[in-house]
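Have a look at the structure below, then the notes.
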Amino acid sequence: MLKLYYSPGACSLSPHIALLEAGLQFELEKVDTKAKKTASGADYLTINPNGYVPALQLDNGYVITEGPAIVQWVADQAPQSHLAPPNGTIERTKLQQWLNFISTEIHKSYSPLFSAEVPDAYKTMTKDKLFKRYAYVNEQLKGKQFLLGNHFTVADGYLFTVTNWANFLKLDLSEFKEVRSFSDRVNSRPKVLQALKAEGLVK
C-alpha cells in the first residue's frame, strides 16, 4: 500500500488532499522533521535523505519526494478524478506552471517567516514579495472557481495548503478577496476537511 510521510500542517497536506480526492488507498506515517524520526521509530533520512516532508512510498518500495512531483503522480493514477489534465496537453502545462509558481514564489516565501533566526528586516521584505505574488494570484482567480477554471486540481490543493499558513503567522490577506474566497471554497470540500481532521488541524 502507498505510504505518505507527513508532518501536520506542513506542505505534505497537499499530497494528503490529492490522495483522498483521487480515492487511492494509502497509509499515513507522521514524521518528526526536527528529530528526523518517523512515528514508528524509523530514521527518516533513510527514506528521504533531505529530511523534509512529503515523501510517498509506492507499493514497489520506490519513494517519490517533492510535492509537485507527488501530486502529479497521484493525479495520473486516477484520471477519472480530473485532478490533472492529460500529459502532453497545454492544460497540463498550465497546471505545471501553477505548481512551479506556488512552489518557488509562494511556498518558499513563507519559509523564512517561520524562522526565529531570520532578521525582521528580511521578513518584511519577504512579506512584501509574498503579497505581490498574492496580488497576481488574486487577479488570475477573478471569474474562476479554481486556478485552471471551474474544476479542482492538485494545484488548488497546493495553493490552499501554503495559503493556510497565513493563519498560523497571522498574516492579513483580507485585501485579496478572490484568494480568500478560493480558500473558503477549498476548505469546504469533504476530502480537504478529512485531511485536516486526520492531521489534527481541525476537530
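The values are calculated or read from the model by the stated rules, or taken from the named source; none is laboratory data. Bear in mind the structure is a predicted one, so any value in this text is a computation, not a measurement. Don't worry about glycine lacking a Cβ; one is built from the backbone with ideal geometry, like all the others, and counts go over all protein chains shown.
For the subset of segment 93-104 comprising residues that are surrounded by fewer than 17 Cβ atoms within 10 Å (Cβ to Cβ) and over 12 Å from the mean Cα position of the chain (by Cα), which member is nearest to TRP165 (Cα to Cα)?
Top of the filtered list is THR104.
Among LEU196, LEU171, LEU159, LEU201, which is the only one that is within 27 Å of ALA22 (Cα to Cα), touching a Leu at 6+ places or on another chain (Cβ under 9 Å), of a type outside the set (D, E, K, R) and not in a helix (DSSP H, G or I)? So that I can check it myself, show each step before the final result.
Details: LEU196 fails: not in a helix (DSSP H, G or I); LEU171 fails: within 27 Å of ALA22 (Cα to Cα); LEU159 fails: not in a helix (DSSP H, G or I).
LEU201 is the lone residue from the list that is within 27 Å of ALA22 (Cα to Cα), touching a Leu at 6+ places or on another chain (Cβ under 9 Å), of a type outside the set (D, E, K, R) and not in a helix (DSSP H, G or I).
Can you find a residue that is surrounded by fewer than 16 Cβ atoms within 10 Å (Cβ to Cβ), part of a helix (DSSP H, G or I) and either in contact with a Gly (Cβ under 7 Å, 6 or more places away or on another chain) or modelled with pLDDT of 95 or more (or both) anywhere in segment 56-66?
no
If a residue has to be assigned to a helix (DSSP H, G or I) and hydrophobic (A, V, I, L, M, F, W, C) to count, how many in segment 117-147 make the cut? It would help to see each step written out before you state the result.
Pass one, segment 117-147, residues assigned to a helix (DSSP H, G or I): 120-140.
Now narrow it down to the ones that are hydrophobic (A, V, I, L, M, F, W, C): 121, 125, 130-131, 135, 137.
The number of residues fulfilling the criteria is 6.
Any idea which residue in segment 106-122 is farthest from LYS132 (Cα to Cα), counting only those that are surrounded by fewer than 17 Cβ atoms within 10 Å (Cβ to Cβ) and within 16 Å of the chain's Cα centre (by Cα)? Give the steps one after another, and end with the answer.
In the first step, residues of segment 106-122 are kept if they are surrounded by fewer than 17 Cβ atoms within 10 Å (Cβ to Cβ); the result is 108, 111-112, 114-122.
Keeping just the survivors that are within 16 Å of the chain's Cα centre (by Cα) gives 108, 111.
On the way: LYS108: 14, SER111: 16 Å.
Among residues in segment 106-122 that are surrounded by fewer than 17 Cβ atoms within 10 Å (Cβ to Cβ) and within 16 Å of the chain's Cα centre (by Cα), the one farthest from LYS132 (Cα to Cα) is SER111.
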